[in-house]
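Bear in mind these aren't lab numbers, they're just calculated from the coordinates by the rules spelled out. What you are looking at is a predicted structure, and each value in this text was computed from that prediction instead of being measured. All Cβ positions, glycine included, derive from the backbone under ideal geometry; neighbour counts span all protein chains shown.
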Amino acid sequence: MTVFRQGLLALALLVALPAGVRAEHQPGPPPPRDVIKALQQGGHVLYLRHASTEKKADADNVNFDDCATQRNLDDRGRHAAKAIGDGMVRLRIPVSEVLSSPFCRTRDTALIAFGRARIDVVLTSRGKPDSAEEQARLPEIRRLLSTRPAMGNLMLVGHSPAMDRLAQVHVDEGEMAVFRPLGDGKFEFLARIRAEHWARL
């Protein structure tokens, strides 16, 4: 499927699905070569969901400074994060800035993959999609997705609900969604890249 047709599909889904609906997602093949070439030129926004995590829930009283109160990366997740970072370096995909949710699993994914992360609370998700707190974050995330970075690509490391609600694009753990910013609150979905794809690209 060409980038153009993928973009039309994403726009169709955006119209067809109401806000708050979790997008259905079947794992697909690696992205087309033209998507990688576009990323090498910069000007895109990448949304990476944290890598694979432990099979437990966050504590009710999550403390962002205490990873013991949170669900954290497992060994598979740490390996996947490194593979993502190594793959992007090998393919010479420039990342100008890395923003991360304050959760340990997102911050650690960013640090392992890219060696840096600036915490941005707008990328936080506490698993309550319909709460006023969650809804209030969406306009700023939309602004990030629709604003072309001045150089390189912008990397956002967060959680799945924002993608489900804003773009009807569900991302699994360790999966990245690629967007072309169109300005004025608009963006075009180009492709998903799973953690295991990076070794094959």
In whole Å, what three semi-axes, largest first, describe the equivalent ellipsoid of the chain built from its Cα gyration tensor (square root of 5 times each eigenvalue)? 24, 21, 16
Describe numerically, in nm with one decimal, the distance between label points set 7 Å from Cα along Cα→Cβ at residue 33 and at residue 140. 4.1
Checking 79, 170, 44 against a Gaussian network model of the chain (alpha-carbon springs below 10 Å), the top fluctuating residue turns out to be 79
Counting only GluC sites (Glu not before Pro) that are in a DSSP loop and have at most 15 other C-beta atoms within 10 Å, tell me the longest site-free stretch of the chain. 55-201
Extension length gain for residue 184 and residue 151 (0.36 nm per residue less Cα distance), in nm, is 10.0 nm
So who's got an amide H within less than 5 Å of the one on residue 152, skipping anything under 5 residues away but keeping other chains? H placed 1.01 Å off N, in plane. 43
Please give the contour-minus-distance gain from residue 63 to residue 76: 0.36 nm per residue of separation, less the Cα-Cα distance, rounded to one decimal in nm. 2.3 nm
Given springs between every Cα pair under 10 Å in a Gaussian network model of the chain, which of 122, 35, 169 has the largest fluctuation? 35
